[in-house]
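Nothing in this text is a laboratory measurement; each read-out follows from the coordinates by a stated rule. All figures in this text were calculated on a predicted structure; none of them were measured in a lab. Backbone-built Cβ (ideal geometry, glycine too); neighbour counts: all protein chains shown.
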Amino acid sequence: MKTPVNSGMKFKIRARWVPLRYLGLDRAQQILGLLVALTLAVKAVQAQKVAGVDSTYEARRHYSLAREYDKNGMFTDAIGEYQRSISFDPKNPDVHYALANLLYRLGRNDKAKEECLRTLQIDEDYVHAHYLLGVIHYREADYDSAIVEFEKTVSLKPDFAQIHRILADLYLYKGFKEKALGRYLKTAELIPNDPRIFGHLGDLFAQGSLIVEAISSYRRALELDTNNERFLSNLAMLQFKNGMYRGALESYTALTKIDPGDYSNFLRITEISLRLGLQEKAISALEKMVQLRPHDPAPFSRLAEIYLRQGEIEKARRYIDQGLKIKKDDPHLNVLKGEYYKRRGKDELAIASFEKALSDSTWGVYAQRMIWEIRPPISEEEKRKREFFERGRKKSQKMRR
């Protein structure tokens, strides 16, 4: 049966369903190959697009989960999620650092260091990784390595004040005083209200004989921490050693208000006051020393000495007697008692007191001189005369017998 001319459309529709075997072998193979190639190409393009989107998405998703787990104390889950995020995107330094930070907080320092190093392999200027690596080395007492990492940290973040402070402490510990001084100065710029920084600066300036700078630093430290005994004590000693006696006296007096039971401060006040001729201040300090150490004869002798110098010999006698009750053979007190008797015109009692100090290496020479003032030594000629007359006396006595 012939096909009608006007039935061509029906033929074309039906032709789509004609089995390939009716088209001939060569033609069928061509069409099949084309279809396979097109299908594979489309799938390859789709796979690439899907893979790219999924990797980024999955990396972010696992990172977000890890942070939530970390925040809520689910640390094992957090580690797993950080690692999954890294598997999708191994070149993200933030994830490596976050994992390092968590491992450090869990005390797994070796693993934390590994993650810090991976972070720095990706981004060598990742400041927090240098900082964390420095902290781990510091905790492990590997101070040389810590210094390297902290130096890198402040080179990347110059206003990181706490690291300047840690570096200063490390340099001081290692004995690098000039480097420590530089870091403390930088720290003082960044943290101008920390008294400890200025205390360290005072110490370092003093060790370098930069006296004006040291005093200025200690005073700044005391402005910030008024009752800091260490700062004030260092300032007082520095002033005293450099002959700044009035400033030292002021500093030692302030120390007695912080610690009224410190005997050494009153001793120093006495010494400075006597240098400056401030007798009443010296007496006040010595009387406080007597209260603090009632069984120490030293302040009694110093008080007696001052009163003898002022001509108040009965006040002096009172302190001499109190001191000798504590230590009856004290050479200084016996010399002072001899002086008391000498002024009272009781020469024999004075000589007896001076003689008690003759064997002392400090006061013996002075005691002998005082004895000679009362009873001058015999000259050689006088001695020979006395010996001559003594021999004559003895000879006369024999003849009478």
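Descriptive notes on the structure:
- For the pair I122 and N242, a Förster radius of 56 Å applied to the C-beta separation gives a FRET efficiency near 0.50, rounded to the nearest 0.05.
- Among E115, E149, the ranking by other beta carbons within 10 Å of each residue's beta carbon, starting with the fewest, stands as E149, E115.
- Counting neighbouring beta carbons within 10 Å and listing from fewest to most, the residues T253, T76 come out as T76, T253.
- Difference of contour (0.36 nm per residue) and Cα-Cα distance, D262 to L276: 2.8 nm
- For the range 169-186, backbone phi angles converted through the Karplus equation (6.51, -1.76, 1.60; θ = phi - 60°) give residue-by-residue couplings of 4, 5, 5, 5, 4, 7, x, 8, 5, 5, 5, 4, 4, x, 5, 5, 5, 5 Hz, Gly and Pro being listed as x.
- Across the range 75-160, the relative contact order, built from alpha-carbon pairs under 8 Å that are at least six residues apart, equals 20 percent.
- The range 344-356 - phi-based ³J(HN,Hα) in whole Hz, Karplus 6.51/-1.76/1.60, Gly and Pro as x: 7, x, 9, 5, 5, 5, 5, 4, 4, 5, 4, 4, 5
- Cross-link pairs exceeding 22 Å in C-alpha to C-alpha distance, out of K241/K315; K71/K152; K281/K328; K71/K157; K315/K337; K186/K257, comprise K241/K315; K71/K152; K281/K328; K71/K157; K186/K257.
- Between E140 and D94, full extension at 0.36 nm per residue minus the direct alpha carbon distance yields a gain of 14.1 nm.
- Relative contact order (%) - criterion: Cα under 8 Å, at least six apart; region: the range 243-293: 32
- Neighbour counting of Cβ atoms within 10 Å sorts the residues M370, M289, M74, fewest neighbours leading, into M74, M370, M289.
- Shape call, the range 243-293: gyration tensor on alpha carbons, a/c limit 1.5: oblate
- Counting charges near E124 (Lys, Arg +1; Asp, Glu -1) among other residues having Cβ under 13 Å from its Cβ returns a value of -1.
- Computed E for L224/Y173 - FRET, C-beta separation, R0 22 angstrom, nearest 0.05: 0.40
- Efficiency of FRET from Cβ geometry, L358 and Q322, R₀ 22 Å, rounded to 0.05: 0.40
- Paramagnetic label reach from Q207 (point 7 Å along Cα→Cβ; backbone nitrogen cut-off under 11 Å): within the range 117-153, no residues.
- Extending 7 Å from the Cα toward the beta-carbon at both Q83 and K346 defines two label points whose distance is 9.7 nm.
- Using a cutoff of 8 angstrom between alpha carbon atoms and counting only pairs six or more residues apart, the relative contact order for the range 298-384 works out to 20 percent.
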